[in-house]
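Novice: Provided herewith is a single structure, encoded as structure tokens, for subsequent inquiry.
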Amino acid sequence: MYTDSFSALLTAYEQRLRPDASAYELARTRELKLNDRLVSFEFVPDGNSPDDGMVICRSDVLQFTEPVSEIHCRLLLQANNMWAGTQGSTLGLRGRDVLVVSGGRRIGSLDADSLEALVNTLCKDAQVWHRRMSGSTPVVHSQSDASQLPAMMHMRA
């Protein structure tokens, strides 16, 4: 039952993207290539409510060619603090060297339009962070920003 709703959502989204397509593959493959970016979809059901299951979208941002530096990690922590450096996506590492962006929403809050908005936001965040992190030194505002990290990590009301 839960996966039927997820499959229907993915099919409606793909029909929106490709109205002339004769076969809809997204519900089967759970992957979609948009502007040279592969986005994968996952559904995590909630046992208590069909509408509270989570649709998770993910995309690789970049693969680091050298070990991830402390300054890169600090920048990612700052960006994830209340989504300060993204439009609602979350950044993380897969393994030791692949930067990943992900976003999720309750399936009950999604339709084809809102799923498209979620994927577009995810892809924009991936593009911004690819540019920002692919240089030899990531963009930081000042040395004092790094010293403020412990204070920034407290939850804001």
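Every number here is computed from the coordinates shown, using simple stated rules; none is lab data. Here the structure is a predicted model, which is why all the values come from computation and not from measurement. Reconstructed Cβ throughout: ideal geometry from the backbone, glycine too, with neighbour counts over all protein chains shown.
Novice: For region 2-152, what is the relative contact order in percent, using Cα pairs closer than 8 Å and at least 6 residues apart in sequence? Spell out each step's value before the answer.
Specialist: Details: 208 pairs, mean separation 35.2, N = 151.
The normalised contact order for region 2-152 reaches 23 percent.
Novice: Taking neighbour Cβ counts within 10 Å as the exposure measure, how do S7, S102 sort from fewest upward? Can you show the working numbers first?
Specialist: Values: S7 16, S102 19.
Result, fewest neighbours first: S7, S102.
Novice: Right, something else. Putting +1 on Lys and Arg Cβ atoms and -1 on Asp and Glu Cβ atoms, find which of T3, F64, Q15 reaches farthest to the positive end of the dipole of region 2-152.
Specialist: F64
Novice: For R30 and F64 in one chain, what is 0.36 nm times their gap in residues minus the Cα-Cα distance, to one decimal in nm? Walk me through the numbers on the way to the answer.
Specialist: On the way: separation 34, 0.36 × 34 = 12.24 nm, distance 2.56 nm.
Residue separation times 0.36 nm, minus the Cα-Cα distance, leaves 9.7 nm.
Novice: Still on this structure: Rg and Dmax of region 2-152 over Cα atoms: what are they, in angstrom?
Specialist: Final numbers for Rg and Dmax: 17.3, 56 Å.
Novice: Next question, about the same structure. Roughly how many whole Å is it from the C-alpha centroid of region 1-34 to that of region 40-71?
Specialist: 18
Novice: Which of F6, F64 comes first, and how do the rest follow, when ranked by fewest Cβ neighbours within 10 Å? Intermediate results must be reported in sequence, preceding the final value.
Specialist: Numbers: F6 20, F64 15.
Ranked by crowding around the Cβ, least crowded first: F64, F6.
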